[in-house]
């Protein structure tokens, strides 16, 4: 059975990410971002959202573990920042319904979604430039980079929250990530 660890970056939806995976029958644990990388034993990691880039613990080191990683909101921003992309303040801030356009229908994470899908996202901060090796895989009128992927390294990020009911195809995001982890 595939084991996924949800890394807690103190986001308000982190427990929902853990629960969504558990409800899908996935072996999953919620771990603090201060767990040393050598103690991580999983087939994949979810870097949760959170309030601040100042409290990301070992998240940068987890990207070097050679397991698939899904970054959600802050988790995506951490990935971009650590790997020399660019993160900055968004123009719209707070949480809102956003319609995103999938720009890569071959992408392992978002390629199977509808060409346009409704998501729940915060844009207080957002990725402004993807790191080397990454492709932008979704966009919106609110944010130029709603999702990004480096399929060669199995690193994926979404600005939105697939774990909340406001996101139409959230479970499919997790299903696609699990497929990458198997």
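The values are calculated or read from the model by the stated rules, or taken from the named source; none is laboratory data. All figures in this text were calculated on a predicted structure; none of them were measured in a lab. As a convention, Cβ positions derive from the backbone with ideal geometry for all residues, glycine included, and neighbour counts pool all protein chains shown.
Data for the structure
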read-out	value
Residue list for the stretch 156-176, filter: touching a residue at least 60 places away in the same chain (Cβ under 8 Å) and either in a loop (DSSP other than H, G, I, E, B) or crowded, with 24+ Cβ neighbours inside 10 Å (or both)	156, 157, 158, 159, 160, 161, 162, 163, 164, 166, 173
Residue within the stretch 99-117 that is within 21 Å of residue 64 (Cα to Cα), touching a residue at least 24 places away in the same chain (Cβ under 8 Å) and surrounded by 22 or more Cβ atoms within 10 Å (Cβ to Cβ) present	yes
Those residues of the stretch 32-56 which are at pLDDT 95 or above and surrounded by fewer than 18 Cβ atoms within 10 Å (Cβ to Cβ), in sequence order	32, 34, 35, 36, 37, 38, 39, 40, 41, 43
Out of 46, 100, sole residue that is under 20 Å from residue 173 (Cβ atoms), assigned to a strand (DSSP E or B) and touching a helix residue (DSSP H, G or I) at 6+ places or on another chain (Cβ under 7 Å)	46
Residue in the stretch 113-126 that is closer than 27 Å to residue 43 by Cβ and in a loop (DSSP other than H, G, I, E, B) present	yes
Failed item in (1) at pLDDT 95 or above; (2) in contact with a strand residue (DSSP E or B) (Cβ under 6 Å, 6 or more places away or on another chain), with residue 122 passing the rest	(1)
